[in-house]
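The structure appears below as C-alpha cells.
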C-alpha cells in the first residue's frame, strides 16, 4: 500500500514545531500550542465590478493560485458613493478558504516561492496581527505566484491573505509563522 502524501509544512509542524513552540511559549498542554486553522485568500473588485473581464480575471486567478473554486461575496452594507446597495446582484469580491493539506501546500508556496518574487521586499510587517492572533497580508499584484501566466497578468489586481490561527496570541502566532519560515521585517533597535 502506498504512503499517503503529507505536505512538507504539515509534517514539519507535527514532528518539530509543536514541541519547539510548547517549550518556547512555556505551555503545559500540547493542545494550547498555536495551530494554523485556515487560510483565506480574497480579492475585492471594488469600482471595477461592472467590468466583466476584470471580474473573470480575479475569479480565475484566485482559482489558479489556491487550486479550488472561489466564492463570490455580495455587499453587506449600502454605500452611496460607490453606488452599492446591500445584497446587490453583482459581487463586490471573491474569496477561497483553504484548510488541511491544501492550506499547508499554499502556505509553503506563498512563503518560499511567491514572497521572494515581491519587488523591493524587506520582510512582512509585524503589525498585521489582530487581537486573536490572526495575521493578514496584502499583495499589490497577483503575478508573484508561479501559477499565473503572462495572459493572466494582463489585468493586474491585488489580493489579501489571512492566516486564521487557533489558540493564537500575537507572540504565539508570530513564533508559529516564523517557524514556517515567514520572513518578518527586522526589528530596528534604537541604540
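The values are calculated or read from the model by the stated rules, or taken from the named source; none is laboratory data. What you see is a predicted model; the values in this text were computed from it and never measured. FYI the Cβ positions are ideal-geometry reconstructions off the backbone, even for glycines, and counts take in every protein chain you see.
Considering only residues that are assigned to a strand (DSSP E or B) and out of contact with any helix residue (DSSP H, G or I) (no Cβ under 7 Å at 6 or more places or on another chain), look in the stretch 132-160 and name the one that is modelled with the lowest pLDDT.
Here the answer is 139.
Residue 69 fails exactly one of the following numbered conditions: (1) in contact with a strand residue (DSSP E or B) (Cβ under 7 Å, 6 or more places away or on another chain); (2) in a loop (DSSP other than H, G, I, E, B); (3) farther than 29 Å from residue 179 by Cβ; (4) modelled with pLDDT of 75 or more. What is the number of that condition?
Going through (1) in contact with a strand residue (DSSP E or B) (Cβ under 7 Å, 6 or more places away or on another chain); (2) in a loop (DSSP other than H, G, I, E, B); (3) farther than 29 Å from residue 179 by Cβ; (4) modelled with pLDDT of 75 or more one by one, residue 69 breaks only (1).
For the list (1) at pLDDT 80 or above; (2) touching a helix residue (DSSP H, G or I) at 6+ places or on another chain (Cβ under 6 Å); (3) buried (at least 19 other Cβ atoms within 10 Å of the Cβ), I need the number of the one condition that residue 114 fails.
Here residue 114 clears every test but (1).
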